[in-house]
1. In deg cm²/dmol and to the nearest 500, what is the mean residue ellipticity at 222 nm of the chain if only DSSP H runs of at least 4 residues count, each as -39500 (n - 2.57), divided by the residue total?
2. Using a ≥ b ≥ c from the Cα gyration tensor of segment 41-158 (square roots of the eigenvalues), is it rounded, prolate or oblate, where a/c under 1.5 gives rounded and otherwise the larger of a/b and b/c decides, a/b for prolate?
3. From the phi of every residue in segment 126-143, what ³J(HN,Hα) in whole Hz does the Karplus formula 6.51 cos²θ - 1.76 cosθ + 1.60 yield, where θ is phi - 60° and glycine or proline is x?
4. If you scale each eigenvalue of the Cα gyration tensor by 5 and take the root, what three semi-axes come out for the chain, rounded to whole angstrom and sorted largest first?
5. Could you derive backbone 3J(HN,Hα) for segment 107-114 from the dihedral phi with the Karplus parameters 6.51, -1.76 and 1.60 (θ = phi - 60°), listing whole Hz in sequence and x where the residue is Gly or Pro?
6. Take peptides 67-78, 87-98 and line them up by average Cβ neighbours within 10 Å, highest first, as a rough protection proxy.
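Read-outs: derived from the displayed coordinates by stated rules, not from any lab. What you see is a predicted model; the values in this text were computed from it and never measured. Every residue, glycine as well, gets a Cβ built from its backbone with ideal geometry; the counts of neighbours run over all protein chains shown.
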Amino acid sequence: MALGVAAGLGACALGPLATPHSAADQAGIGQAQAALDGMGGLEARFVQVGPGDDTAQGTAWFETGHLRLQYDAPMRRIVVATRGRLVVHDEPSDATTRISLAANPLGLLLSGPVRLSGPIDVTDIQRGPATLQLSLTRASNPAQGLLTLFFAGRPDGSLVLSGLEAVDAERHRTRFHLLDQRTGLRFDPSLFVPPGS
């Protein structure tokens with residue numbers, strides 16, 4: 001989610017409107033919802049792929065409505081999402097860019113508690129032996145972008161968020177792989193204050 005996050009953060013392309021879900025799909029949506037509801041504060045290492053051939057890595061912190069990405073050298077960039085905006089601060093140049101999340105796929109994850117219904121349509125569900133992925137769009141305007149959430153199974157049968165992929169209206173695509181996740185954490189609010197605020 002570097003400046004590329006702003007330009008474009010799916011396994012699925014921007015697709016058709018959601019159709020009624022089968023009982024199995026509803027169960028998968030319920031599992032994903034339970035994983036998001038029970039996650040609390042999440043800290044993880046991340047590897048970002050895209051947009052294009054760009055790659056980067058760093059540490060991510062996420063809780064309801066807030067996100068911070070701190071990129072490792074040589075990128076040295078901090079991204080904070082809070083209060084409906086994405087703030088990108090490039091440390092070497094001391095430049096800061098602010099982008100609204102209203103029309104960005106990341107806004108689906110950062111507008112408050114994630115509800116996989118109502119204003120959000122689940123447009124696709126895929127399952128593996130120990131994986132689950134859901135693609136999401138805004139019900140009011142699916143062409144604004146697509147966000148796909150990836151979950152991995154834990155030994156106790158629960159799910160943990162293992163990655164996300166976003167494609168914006170211009171079809172810029174960015175994927176984040178999450179590693180070494182720690183959940184149920186509580187963070188100091190200052191962690192989500194954008195640099196220079």
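1. On the way: 3 runs with 26 residues, N = 197.
Mean residue ellipticity, 222 nm, calculated: -3500 deg cm²/dmol.
2. Oblate shape, in that a/c is at least 1.5 and b/c is the bigger or equal ratio.
3. Whole-Hz 3J(HN,Hα) from phi for segment 126-143: 10, 10, x, x, 9, 9, 8, 9, 10, 9, 10, 9, 6, 4, 6, 7, x, 6.
4. For the chain, the semi-axes come out at 26, 19, 15 Å.
5. x, 5, 9, 10, 8, x, x, 6
6. 67-78, 87-98
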